Every structure is written in structure tokens, then in C-alpha cells.
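Engineer: Can you keep this structure in mind? I'll have questions shortly.
Read-outs throughout are calculated quantities, based only on the coordinates presented, and are distinct from any laboratory measurement. Only a predicted model underlies this, so the values are computations on that prediction, with no experimental measurement involved. Here Cβ is always computed from backbone atoms with ideal geometry, including for glycine, and neighbour counts include all displayed protein chains.
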Amino acid sequence: MLARSEDYRKNEMVMLEEFRRRKKMKDYFDLMKKRGIQEQDKDGHDTPNHMDFDTAAVNRDKHITGTGPERFFRSRSDEVFSTAHFTLIFIDSDSVTNVTRLNRINHRRVLLFIGNADGIISYGKGKGEDYEGAFEHAFKKLRQNLICLPMDRHSPVNTRLEGRHNDFYIKIWPQLRANYWGNPYIWKMLLYSGFTNVRFMCKSRKRDPYSLIYAFFNAVTQN
């Protein structure tokens, strides 16, 4: 009991110290923001205040400078499709550790898929020291890996499609009406690829999302 009470006291002290630190940081930023506004009023210039961290200021700065992940989804002059029609599916995230002689190096990985339900699909793998960097790299890869699937809008799939990567197998058959029963990632990707007249079957001993995405693209690109 005494040991547990000591642990509770230690945890309380740690929490109090953290609250004090956050309060000091907030007071500091509030003071710097107030000084910036006073300097702007004194000079008579409407200059951006870099110490302004409220939601409106962050959104305003992103709109002006083009920072943030939304810059990857803006249409470019040489693109004939609208990025607003795409649906993004978050497939997987994990952590990878590289063990060296001196220390361990950790990286974060994310796997994304996008499709506009009209034959344009892509996948992106991102890796970085944190999830923010990993997502940025994945968004860049989404543009680089764009694929346009040849298909008829009235009958998107007219033959059997097969794909494989490692021990992951997938088969897609055309039929009169869609039967999206099975792996939720697969049927969502089929739907946003524009395949509305298929059923599928997949088989694997391990749940590896990277094998899943590679096998899926091996299959659908044969259409």
C-alpha cells in the first residue's frame, strides 16, 4: 500500500509539473501575440504575426503559403480530371525499426489508396520519422502512381482478372450485378475503381496490406 501511495504521489507531481509547463508556454505565446499586435498598430502595417497559433491564423497561413497536405490535392494545369472526385482510403500504418551498432532508428509508414470511381486509381507508400512526414511522402506518391484503367462504363469488367503477390491471391469475375462480399478493403477499392459488375475472392495466410495492394493492382491493370 505504501509503495502504491508513493507511485500516486509521483504521478501527481509529474502531472502538476506538466500543467505548470503548459501554462507557462501559453502565457508566453499570449504575451508574444499581444506584443506583435502592438507593434503592428505602432508601425501601421498589416504584417503577418508568426506567433499567432489560433485556428483561424493557421488556416489563413495555409491558404496563403500553400502548406499542409491539401496542396497535394489541388488540380494542376496539365490534369484533365478533378481531384475533388477522388475518395481516399487509409489502408495501414505501422512502425519500422532499423537496429544499428549505435542505436535503433524508428520510422513510421503509411499506405493509402485513392480512386475516382471512373477508372483512375493510385496507391501511395510513405515513410518518415513521424506520421506527418510519412503522410506527406504518401501524398506525393499518390500523384506519381496514378493509373488509368481501360474499361467500358456500361460493362467495366468482361473477363476474369487474377493477381498475386507473395502468398496473397486475388481473383475477380464479371457478373450481371456486383457482389461485394469479402475483404472490406478489396471491395471498397473495387467500388472506387469503377468496377460495378464483379465478384471477387482472395486468399492469404498472412494479413500483409502491402501484398494486398500489389496483388490488387496486378489484377485490375489486366482489364
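Engineer: Condition (residue is of a type in the set (A, V, I, L, M), touching a residue at least 60 places away in the same chain (Cβ under 8 Å) and in contact with a strand residue (DSSP E or B) (Cβ under 9 Å, 6 or more places away or on another chain)) applied to segment 98-109: is it met by at least one residue?
Structural biologist: Within segment 98-109, none of the residues are of a type in the set (A, V, I, L, M), touching a residue at least 60 places away in the same chain (Cβ under 8 Å) and in contact with a strand residue (DSSP E or B) (Cβ under 9 Å, 6 or more places away or on another chain).
Engineer: Kindly provide the set of residues from segment 71-115 that are of a type in the set (Ser, Thr, Tyr), outside any helix (DSSP H, G or I) and surrounded by 12 or more Cβ atoms within 10 Å (Cβ to Cβ), ordered by number. Reasoning before the result, please.
Structural biologist: Here is the first cut: in segment 71-115, the residues of a type in the set (Ser, Thr, Tyr) are 75, 77, 82-83, 87, 93, 95, 97, 100.
Subsequent filtering for residues that are outside any helix (DSSP H, G or I) retains 75, 77, 82, 87, 93, 95, 97, 100.
87, 93 - these are the residues of segment 71-115 that are of a type in the set (Ser, Thr, Tyr), outside any helix (DSSP H, G or I) and surrounded by 12 or more Cβ atoms within 10 Å (Cβ to Cβ).
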